[in-house]
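Only one structure is covered here, and it is reproduced in the block below.
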Amino acid sequence: MSNTAAGYNSQNGEGKPPCSNGPIQNPVMTQAPGQGYNTVAQKMHPQHMPAKAPLEQPVGQYHYGCYQSAPPASVYQGPGQSAPPASVYQGPGQSAPPVSVYQGPGQTNMTRPPSRPLQPHQGGSARIAAPAQSSTPPPVSSNSFYPGSQIPPHSHWPYGTPPPMSQPSVGSPANHVTSAPSQPSGYGIQNSPPQGPPVPLNSSMQPGQSSGYRIQNSPPQGPPVPLNSSMQPGQPSGYGIQNSPPQGPPAPLNSSVQPVPGAERAHIHNSFDALESGGRNAAQHPPQMGRAVGLPYPSLPPGYQNMAAPPSAPGMQPRSQPYPAGAQSFQQAPLGPAQLGSALGGMSLHQSQPPEALRAINLLQERNLLPQGPVTPPVPCLPQDLQRLNCSPEVFRCTLTNIPQTQSLLNKAKLPLGLLLHPFRDMSQLPVVTSSTIVRCRSCRTYINPFVTFLDQRRWKCNLCYRVNEVPEEFMYNPVSRSYGEPHKRPEVQNPTIEFIAPSEYMLRPPQPAVYLFVLDVSHNAVETGYLDTVCQSLLDSLSLLPGDTRTKIGFITFDSTVHFYNLQEGLSQPQMLVVSDIEDIFIPTPDSLLVNLSECKELVQDLLKGLPQMFTRTLETQCALGPALQAAFKLLSPTGGRVSVFQTQLPSLGVGALKSREDPNQRASAKDIPHLTPATDFYKKLALDCSGQQIAVDLFLLSGQYCDLASLACISKYSAGGVHYYPSYHHLHNPAQVEQLQRDLKRYISRKIGFESVMRVRCTKGLSIHTFHGNFFVRSTDLLSLPNINPDSGFAVQMSIEENLVDMQVVSFQAALLYTSSKGERRIRVHTLCLPVVNSMADIFAGADVQAITGLLASMAVDRSVTASLSDARDALVNAAIDSLRAYRSGGLSVHQPGLVAPACLRLLPLYVVALLKQKAFRTGTSTRLDERVFAMCQLKYQPLAYLMLMIHPALYRVDNLTDEGAISIADRTIPQPAILQLSVEKLSRDGSFLMDSGSVLYLWVGRNCAPNFITQVLGVPNYTAIPQTMTQLPELDTAESTRTRAFISWLREQRPFYPILHVIREESPLKASFMQHMVEDRTESALSYYEFLLHLQQQVNK
């Protein structure tokens, strides 16, 4: 078997030392890039930036009412760079800079004197270098996802070893993180496991002890110190660590840290990292007592002594109800995760006969591989009692539902190991627990969950680090059953997904109010699109739906060549515009009255929204100062944090952040590499990092038919945990479909649930390691994701490796904990826990492969490769992912060799999904694709939850002119037809039918020229085919059975996603026919192979 010289080896990092937890303040590790998806060996993660300087405030106080002064607009300074000066506005109660006031009609023209004379308002009142080519190209291709065993030792390929030191690169645009090595010893972090007895939680290092990891092992000694105490000097202002300040010069990396004699204990939480506590490395090295304490109980069942035998466990819940409805009566089964040897030891999924997942399929002979309905994820092979308590795959999903015992076995299988998360997903059933005591492991800080083991009534063993913990007295009482002495029946132990209302020790400050700031482009180009009317009317209609409470605040900024603020202070008869023309040194004119309480000033806000579209109708300003407007938004929201919604319609042309067009329209269809996928400036990224530090997220709405350099602008959202929404060619007259889509999207965007000042950490069982994240976030420490805002429409992906053999384990667990502040001001923690079996054979690994999760993870990795290397490298690596996995199955997972291109049933769709990815907007070549549309598709692949992502990659095609009630489902007294899913090929279309394509964000209804007149009249409501309008986007509500069925099916599809997909009715000669046909991924195009031709290529490579 030939091996490729490069690949997605980020999940295969054998031998890699554990990463330390703490703020990234030292130079970040990197190494010379090589060919392939080697994200372990990639350049440093672009989000690893030096922590911001500590904010000084009086000890023991948090001035939440009188907010502290906002930091400069850009505090991060890259290597050899200096931050541009920016004015720091003084908070309430402090003197503001003097301003000149021009008493105009409802306006005040503000400038910072004496910089320049008064200027009246005129508005009508680094790219990363590609990796070096490998000197020894492999037989198959120069790119692959996995390392080969025949690769000669070379500095480019130290898989699983720390890369050499290098200076941080500010301009790196990829939004993933590779774990950094240990931190400087001055911060109490080291790379070796703790020696000696455990140290109290949050305490300073004591003489005779090593610094260990941030989360110590023993319970806190003495009463906790109030959490609102200020940060101590010498510690980072955000997401720091709780050890004592550095004493003396830092010691060399990877060296033991000598404790400071007489160091005082400290219990002051000074960061969210301390609040959430316990990174993955705490679990990697549990105290030696963890296993020792558990050893005396090898034969004890997890149930309690002197208790009746447990009842038989109920059957697995149906997939339609993924979560148990509250706490259920359940006696923990005699088999616990730590004691499954008899049930899972030596588990082999093909002892008697191969399971369906391993059925060998010749892809060249079996044409109809698509299932009739949606592809269902594999169910982990766990005892029934554990499986019924497992996390829903809609929330927490692993690419391999059977985890290999060793990294070498994972390398041999050539499959990526990773997690896909949808942590803040809207849920109909979510148990919420209010308790003064949240039970967590004292070593790794894992939250108690259904997969822990109760040794007796007073002790439980952690399923991640195996430490034995005591059951708190309060946990003995079950609030659901109102019984005492049965902690195993508590909701926390009965639900894989649960939400805690956090007590005060999980707060760094009083919970922030919901704050919303809208930043609107009002240049001539923006006014021409007509978007202002749509946005203002949508806000007026949905103002009461904004999540929040009586403290909710709102504000508005508009901009063209100047920046305009709006005084909405209670008592004014009408809103007052304040114009700041000094965009080179932007400042806040009246800090107290620009963000106002929504309930108190609602009438003024409504007056502004009604008048705003008319204020700029005659503007002649064509310039756009987006950068200064974003700086103003940052300064305005810095004291509290919140959400910034930016609406932009053109390329920024003035002030900081100004951009120039980089797109050559003649090169859109080039078959070569696509240039300019990286940002042209680091301004937006650096500002996003500043926003993240102040709990501000920026959502970008781009409405333009012109090139806007989304590759640069999107950084403001990527690194602040915001989102990007793109409406190409938006115009209120020429493109009514996008007007409707914007209206629907805004309704969802304004009213959806939101979490503020949130952080998320993913933990895993000892022996596993998380090293790379994908999504929109900023990494405050090696595994703590900073999410200033979290919304239910954001997804994340995580790559993993196996650092230690899992030979003595039957199951492993993963836990994601999301700490956030709700719009009502409650501090909450949402916890998801997933349990998967460990296997020791290639066949078992392939049997548990989740083809959709694998595709989603590969898509994120390919986006990173496109940006850090080149688009052709990403395309080659995607192809080699399919080649490597099928070759590995042929050599190690196939019991009897067969001719042709053979794949296991569970992976039969992988080549099809790879072909679909190659023809997706993000990665396709040879087809004219706008650069902004390509970048937007890449953004979506990185942060869309898997369910929506798969429709983008491989749309669903249905025939709908012959819908019947046969096989229909009933939902809320509605009958929903369930037509079969068809292959994406023109051969499945017929001129006498009508076909619906669901591509996630858009629905296409293709009507054949000879379609039955009955369907045209009774569903479309027109007399004949030629009468179908070219721009038809809605189906009429007709009182016919055909109309009812069709509309019910389309409505059901729309209800399954958060944002409203627009329907386009297409005739054969419609202009949108080309867009419809581009989704026919199985057909050949001028620049791309057909699916069958791709299979022939795979066969040739696999059989080499």
Notebook entry, point to check: So which strands (runs of 3 or more DSSP E) stay within the stretch 417-501 end to end and still have 1 or more residues that are among the aromatic types (Phe, Trp, Tyr)?
Noted result: 453-456, 459-461, 497-501
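Among the listed residues Leu609, Leu630, Leu651, which satisfies the condition of being of a type in the set (A, V, I, L, M), under 20 Å from Phe701 (Cβ atoms), assigned to a helix (DSSP H, G or I) and under 28 Å from the mean Cα position of the chain (by Cα)? Steps first, answer last, please.
Details: Leu609 fails: under 28 Å from the mean Cα position of the chain (by Cα); Leu651 fails: assigned to a helix (DSSP H, G or I).
When all the criteria are applied, what remains is Leu630.
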Next item on the list: Output the number of the condition that Phe634 fails; it satisfies all remaining conditions of (1) closer than 20 Å to Gly722 by Cα; (2) open to solvent by 20 Å² or more (accessible area, probe 1.4 Å); (3) of a type outside the set (Val, Ile, Thr).
Entry: (2)
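Kindly indicate whether Leu702 is of a type in the set (A, V, I, L, M, F, W, C), modelled with pLDDT of 95 or more, buried (at least 20 other Cβ atoms within 10 Å of the Cβ) and in contact with an Asp or Glu (Cβ under 9 Å, 6 or more places away or on another chain). Break it down into steps so the answer makes sense when it comes.
On the way: of a type in the set (A, V, I, L, M, F, W, C): yes; modelled with pLDDT of 95 or more: yes; buried (at least 20 other Cβ atoms within 10 Å of the Cβ): yes; in contact with an Asp or Glu (Cβ under 9 Å, 6 or more places away or on another chain): yes.
So Leu702 fits the description; yes.
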Check: Looking at the stretch 904-987, what strands (runs of 3 or more DSSP E) fall wholly within it and have at least 1 residues that are of a type in the set (Ser, Thr, Tyr) and open to solvent by 40 Å² or more (accessible area, probe 1.4 Å)?
Finding: 969-971, 974-976
Note to self: Here is a check on your reading of the model: is Tyr566 among the aromatic types (Phe, Trp, Tyr), open to solvent by less than 10 Å² (accessible area, probe 1.4 Å) and over 33 Å from the mean Cα position of the chain (by Cα)?
What the structure shows: yes
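Quick check: is even one residue across the stretch 658-676 outside any loop (DSSP other than H, G, I, E, B), open to solvent by 10 Å² or more (accessible area, probe 1.4 Å) and in contact with a Cys (Cβ under 9 Å, 6 or more places away or on another chain)?
Looking only at the stretch 658-676, we keep the residues that are outside any loop (DSSP other than H, G, I, E, B), and these are 665-667.
Then keep just the ones that are open to solvent by 10 Å² or more (accessible area, probe 1.4 Å); that gives 665-667.
With the extra rule that they be in contact with a Cys (Cβ under 9 Å, 6 or more places away or on another chain), the set shrinks to none.
So far as the stretch 658-676 goes, no, none of its residues is outside any loop (DSSP other than H, G, I, E, B), open to solvent by 10 Å² or more (accessible area, probe 1.4 Å) and in contact with a Cys (Cβ under 9 Å, 6 or more places away or on another chain).
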Check: Of the conditions (1) within 20 Å of Thr640 (Cα to Cα); (2) surrounded by 16 or more Cβ atoms within 10 Å (Cβ to Cβ), Asp592 fails just one. Which one is it?
Finding: (2)
Notebook entry, point to check: at pLDDT below 95, surrounded by 24 or more Cβ atoms within 10 Å (Cβ to Cβ) and in a loop (DSSP other than H, G, I, E, B) - does that describe any residue in the stretch 780-802?
Noted result: yes
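One line per residue, one yes/no per condition, for (1) in contact with a Phe, Trp or Tyr (Cβ under 6 Å, 6 or more places away or on another chain); (2) more than 30 Å from Ser872 (Cα to Cα):
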residue	(1), (2)
Val580	no, yes
Glu584	no, yes
Val646	no, yes
Ser653	no, yes
Ile674	no, no
Lys685	yes, no
Notebook entry, point to check: Can you spot a residue in the stretch 734-755 that is farther than 30 Å from Ala502 by Cβ and outside any helix (DSSP H, G or I)?
Noted result: yes
Note to self: Given the criteria surrounded by fewer than 24 Cβ atoms within 10 Å (Cβ to Cβ) and either hydroxyl-bearing (Ser, Thr, Tyr) or in contact with a Ser or Thr (Cβ under 7 Å, 6 or more places away or on another chain) (or both), does Ser866 qualify?
What the structure shows: no
Notebook entry, point to check: Listed residues Arg991, Arg924; which is modelled with pLDDT under 95, of a type outside the set (A, V, I, L, M), within 23 Å of Arg1084 (Cβ to Cβ) and touching a Cys at 6+ places or on another chain (Cβ under 9 Å)?
Noted result: Arg991
Check: What about Gly767, is it among the small types (Gly, Ala, Ser), touching a Leu at 6+ places or on another chain (Cβ under 6 Å), open to solvent by less than 10 Å² (accessible area, probe 1.4 Å) and more than 22 Å from Pro513 (Cα to Cα)?
Finding: yes
Check: Restricting the stretch 1032-1064 to residues that are farther than 17 Å from Met997 by Cα and of a type in the set (Val, Ile, Thr), which is surrounded by the most Cβ atoms within 10 Å (Cβ to Cβ)?
Finding: Thr1044
Next item on the list: Select, from Pro423, Pro416, Pro404, the only residue that is modelled with pLDDT of 95 or more, crowded, with 23+ Cβ neighbours inside 10 Å and within 28 Å of Pro479 (Cα to Cα).
Entry: Pro423
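The values are calculated or read from the model by the stated rules, or taken from the named source; none is laboratory data. These figures come from a predicted structure and were not determined experimentally. In this analysis, Cβ positions are derived from the backbone assuming ideal geometry, glycine residues included, and neighbour counts consider all displayed protein chains. Keep in mind that these areas ignore ligands, DNA and RNA; they rest on the heavy atoms of the full protein, side chains included. Shrake-Rupley method; radii C 1.70, N 1.55, O 1.52, S 1.80 Å.
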